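Here is the structure we will look at.
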Amino acid sequence: MKTLKSIFRFYIDSSIHVALAICALVQITFIKFGVTKEYAFLLFTFLGSVAAYNFVKYSKASKLYHRKLNTSKKGIRLLTILCSLFVIYFAFQLSYDTLMYMAPFIVLTVLYAVPVFPNDRNLRSIAGVKIFVIGLVWCGVTVLVPVVYVKGNLNLDFFIELVQRFLFVIVIMLPFEIRDLKYDALVLETVPQKIGVTKTKVFGSILLVAFLLLTAMKDKLSPVEVFSTILITIITLFFLWGAERKQYEYYCSFWVESVPLMWLAIFLVLQNLFA
């Protein structure tokens, strides 16, 4: 049992779980835009996500190093190095356009962790921007870059999907902000710090309603997308309202970060039912 707990903790702390969640969102984008079998890009996304998240969490420059690392430092460091090397290899397989669209999000990730601004600050430490930077990076990496990679049309449906993904990511980040109330300095001015826990949940609920209603504005809309969006809205709402200051250790880092995986699973099941 102790071994299983150690493996699970390494799985969470090494960012493998969140990387799978990001890949799930990329795959959802591919499915919605009729793309199949883009395994190379999914692998690139997975490796890049592990490397990027571990850099943000465990780099001494990020100032989060002291708080998060609970498992083997050497194991996570080795995994991060290997992922970084493979990401460089796969980057050479990508088109120039894909890399150019990916570059701003890489820069934002670096600026999020590295204190390059006055007074030894990074993007994370600038008041009120943390959650929106994460939302911007996630929607770019999971919608914009994949569509550019497959040379898809940047039409109305694409822009609606981009906005929806941004709203979705913002909402699933809110439970993390509620959890981190006991850690975050007041100068960060996170959403729960500014408006309180209950109003944060109301705010997230409003964003979810907008996320759901935007689906109706799409030109190409399938029953699978409609029902999957409704179900994932309900599931996300459940986890949002279940978030508290004191919560189960893995409530956010496993269950909330599993919501994108649940969304993909729902999508695949409904595809089979409606096939």
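The values are calculated or read from the model by the stated rules, or taken from the named source; none is laboratory data. Everything numeric in this text was worked out from a predicted model, so none of it was measured. Here Cβ is always computed from backbone atoms with ideal geometry, including for glycine, and neighbour counts include all displayed protein chains. Just the protein is used for accessible areas: all its heavy atoms, side chains included, with ligands, DNA and RNA removed. Shrake-Rupley method; radii C 1.70, N 1.55, O 1.52, S 1.80 Å.
Is there a quick way to get the dipole size of the chain? I mean about its Cα centre, with the Cβ of Lys and Arg at +1 and of Asp and Glu at -1; what is the value in debye to the nearest 20?
Details: 27 positive and 15 negative charges, 202 e Å.
In total the dipole reaches around 980 debye.
Please give the per residue volume of the convex hull enclosing the alpha carbon atoms of the chain, rounded to a whole number of Å³. Please report the intermediate quantities before stating the final value.
Values: hull volume 38.0 nm³, N = 275.
About 138 Å³ per residue, rounded to a whole number.
Per 5 Å bin, what percent of the C-alpha pairs of region 126-211 does each bin hold, from zero upward?
3, 15, 22, 21, 15, 11, 7, 5, 2
Tell me the per residue accessible area of the chain using a 1.4 Å probe; a whole number in Å² is fine.
Values: 13900 Å² over 275 residues.
Solvent-accessible surface per residue comes out at 51 Å².
Using only alpha-carbon positions, what ratio does the radius of gyration of region 135-275 give when scaled by 2.2 N^0.38 Å? Each step should come with its number before you reach the end.
Numbers: Rg = 16.0 Å, N = 141, 2.2 N^0.38 = 14.4 Å.
The value comes to 1.11.
Do you know the relative contact order of the chain, to the nearest whole percent, from alpha carbon pairs under 8 angstrom that are 6+ apart?
Working: 309 pairs, mean separation 59.1, N = 275.
Worked out over the chain, it gives 21 percent.
Where Rh is the Kirkwood radius over the Cα pairs of region 70-217, the temperature 20 °C and the viscosity 1.002 mPa s, what D in µm²/s does Stokes-Einstein return?
Working: Rh = 17.5 Å.
Stokes-Einstein gives a translational diffusion coefficient of 122 µm²/s.
Over all directions, how big on average is the projection of the convex hull of the alpha-carbon atoms in region 102-153, in square nanometres?
Numbers: hull surface 15.1 nm².
About 3.8 nm², averaged over all directions.
Ranking request for peptides 5-15, 162-172: highest mean number of other beta-carbon atoms within 10 Å first, then the rest in descending order. Display every interim value, and only then the final one.
Values: 5-15: 16.6, 162-172: 21.4.
Ranked by mean Cβ neighbours within 10 Å, highest first: 162-172, 5-15.
HN-Hα J couplings of region 83-88 from phi, Karplus 6.51/-1.76/1.60, θ = phi - 60°, integer Hz, Gly and Pro as x?
With the stated coefficients, region 83-88 comes to 4, 4, 5, 5, 4, 4 Hz.
Given that compact globular proteins tend to follow 2.2 N^0.38 Å, what is the ratio of the alpha-carbon Rg of region 87-129 to that value?
Details: Rg = 13.7 Å, N = 43, 2.2 N^0.38 = 9.2 Å.
Normalised by 2.2 N^0.38 Å, the Cα Rg of region 87-129 equals 1.49.
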